[in-house]
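Comments concern the structure below.
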Amino acid sequence: MPQPAALFMPEAPLRLMGGRERDSGRIVFPHPAAPAFEPIALSPRGTLWSYTIQHFRPKSPPYAGPEDFTPWALGYVELPGEVIVQARLVDVAFDAIRIGMDLVLTRVALDAQAATPLWLPAFRPAEAAA
């Protein structure tokens, strides 16, 4: 089975690992394991481009989280001059989410009860991070 793509840069502070195509300069996320791409640290700040509320447990596979499902917000976050990434939205009430809101990168465990949780990208309102 292939290994999942690395989502985060290995060093601190927390940053997403994107890939820059060597020939064109195009930026993608996640970083593809291909020689045509070099790893780059993406901006930890972005703007909410679009979102939805996930009200039902995703189909397994590929979902590998807990059986007991709690709805979450899922957003497309524009990282200025780089790329739009899909990530969970945290630390914000569903009815307070607004297109264009300033966000900052964090992470969330897919299953908080797991012995070694799988960490996923997430964004929270920038004012909550201050």
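The values are calculated or read from the model by the stated rules, or taken from the named source; none is laboratory data. Keep in mind that what you see is a predicted model, and the values were worked out from it rather than measured. Reconstructed Cβ throughout: ideal geometry from the backbone, glycine too, with neighbour counts over all protein chains shown. Note: areas computed on protein heavy atoms with side chains; ligands, DNA, RNA excluded. Shrake-Rupley method; radii C 1.70, N 1.55, O 1.52, S 1.80 Å.
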> Can you give the net charge of the other residues whose Cβ lies under 11 Å from the Cβ of Leu120, counting K and R as +1 and D and E as -1?
Replying inline: +1
>> Given Cβ point charges of +1 (Lys, Arg) and -1 (Asp, Glu) and nothing else, what value in debye, to the nearest 20, does the dipole of the chain about its Cα centre take?
In response: 120
>> If DNA, RNA and ligands are ignored and the probe is 1.4 Å, what is the ranking of Leu118, Leu7, Leu48 by accessible area, most exposed first?
In response: Leu118, Leu7, Leu48
> Gln54 to Ala126: extension gain in nm, 0.36 nm per residue of separation minus the Cα-Cα distance?
Replying inline: 23.7 nm
>> Per residue, how much accessible surface does the chain expose to a 1.4 Å probe? Answer in Å², no decimals.
In response: 62
>> Two decimals, Cα atoms only, Kirkwood Rh: what is Rg/Rh over the chain?
In response: 0.97
>> Given a 1.4 Å probe and heavy atoms of the protein chains only, how would you sort Thr52, Thr116, Thr106, Thr70, largest accessible area at the top?
In response: Thr116, Thr70, Thr52, Thr106
>> Explain nothing, just compute: Karplus ³J(HN,Hα) = 6.51 cos²θ - 1.76 cosθ + 1.60, θ = phi - 60°, for every residue of the range 36-45 in order, whole Hz, x for Gly and Pro.
In response: 6, 10, 9, x, 9, 7, 7, 4, x, 10
>> Output wanted: per-residue J couplings in Hz (rounded whole) for the range 113-127, from phi through Karplus 6.51 cos²θ - 1.76 cosθ + 1.60, θ = phi - 60°, x for Gly and Pro.
In response: 8, 5, 4, 10, x, 8, 8, 10, x, 8, 10, 10, x, 4, 5
> What would the Debye formula give as log10 I(q)/I(0) at q = 0.24, 0.27 Å⁻¹ for the alpha-carbon point model of the range 89-130, no solvent?
Replying inline: -0.81, -0.92
> Taking a probe of 1.4 angstrom, what is the accessible area of Ser24 in Å², to the nearest 10?
Replying inline: 80
